[in-house]
Amino acid sequence: MINSREIVLVSTATIFGAAASAIAFHRFFYSNRLNKRFSANGVVDGRKPSPRNPFDPTKRKGYLSWDDYFMAIAFLSAERSKDPNRQVGACLVSQKGIILGIGYNGFPRGCSDDKLPWSKKSKNDDPLETKYPYVCHAEVNAILNTNHASAAGQRLYVTMFPCNECSKIIIQSGVSEVIYYVEKRLDNSETTYAASHKLLSMAGVKVRRHQPQMDQILINFNEY
């Protein structure tokens with residue numbers, strides 16, 4: 001698992017369901033590998049930008065908002081997941097805008113990604129032959145990866161709305177706000193996420209859906 005301190009940028013656009021989230025992430029990051037830039041409103045511009053006037057004292061336009069930035073970190077973290085079916089990322093941020101911890105869904109430390117199963121179902125109907133008894137969710141990993149910083153009063157950005165079990169840990173750790181991108185996952189019951197909403201509401205945890213300010217964000221390592 002990774003500790004805090006990461007950079008860069010991620011996708012955004014209206015998508016539905018868990019599978020759609022993974023597809024959207026791939027599209028936003030990898031569909032345009034040309035030297036494309038963004039205008040101030042986030043629209044891709046295929047032309048190279050004009051050289052900046054060295055005497056211009058104004059700041060650069062078109063930079064990332066804090067919300068887009070932290071949600072981008074969550075999406076980027078999801079790319080570290082070995083899960084072939086679902087990749088989820090989370091980013092825990094202080095009220096001062098400092099990244100405290102990041103995480104993605106995967107097996108616990110010391111548990112081999114190659115020896116435990118990644119399957120969703122077992123041919124023998126044995127739950128121990130599926131991933132579910134073993135996987136740690138992204139939200140939990142982000143909270144645990146804080147290098148002893150407290151999660152109390154902090155914000156948690158997560159690519160998918162947390163399940164009821166993660167919601168319990170979010171509440172118990174004192175997180176004050178959850179910002180999510182996708183509402184629910186396609187292969188889970190409504191009950192799980194209805195319980196999440198109920199728990200978070202009763203505990204006074206603020207919940208909001210991320211509203212991206214840019215349509216997409218491209219990382220091109222060759223530009224630097």
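The values are calculated or read from the model by the stated rules, or taken from the named source; none is laboratory data. None of the values given here were measured: they were computed from a predicted structure. For neighbour counting, all protein chains shown are included, and Cβ atoms are generated from backbone atoms with ideal geometry for every residue, glycine included.
Numerical summary
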read-out: The range 181-195: number of residues that are among the charged types (D, E, K, R) and either on the phi > 0 side of the Ramachandran plot or modelled with pLDDT of 80 or more (or both); value: 1
read-out: Residues satisfying the stated conditions in the range 103-131, i.e. assigned to a loop (DSSP other than H, G, I, E, B) and hydroxyl-bearing (Ser, Thr, Tyr); value: 112, 119, 122, 130
read-out: The range 107-129, subset in contact with an Asp or Glu (Cβ under 7 Å, 6 or more places away or on another chain) and either touching a residue at least 60 places away in the same chain (Cβ under 8 Å) or surrounded by fewer than 18 Cβ atoms within 10 Å (Cβ to Cβ) (or both), residue farthest from residue 179 (Cα to Cα); value: 122
read-out: First in the range 161-183 and under 23 Å from residue 67 (Cβ atoms), second anywhere and part of a loop (DSSP other than H, G, I, E, B) and of a type in the set (Asp, Glu), Cβ under 8 Å, 6 or more apart; value: 161/183
read-out: Any hit, the range 75-92, residues being in contact with a Leu (Cβ under 8 Å, 6 or more places away or on another chain) and part of a loop (DSSP other than H, G, I, E, B); value: no
read-out: Residue check for residue 215: of a type in the set (D, E, K, R), in contact (Cβ under 8 Å) with a residue 60 or more places away in the chain and either in contact with a Gly (Cβ under 6 Å, 6 or more places away or on another chain) or in a loop (DSSP other than H, G, I, E, B) (or both); value: yes
read-out: Residue in the range 137-160 that is surrounded by the most Cβ atoms within 10 Å (Cβ to Cβ), counting only those that are among the hydroxyl-bearing types (Ser, Thr, Tyr) and part of a strand (DSSP E or B); value: 159
read-out: Residue match in the range 166-173 (condition: surrounded by 16 or more Cβ atoms within 10 Å (Cβ to Cβ) and touching a His at 6+ places or on another chain (Cβ under 6 Å)); value: yes
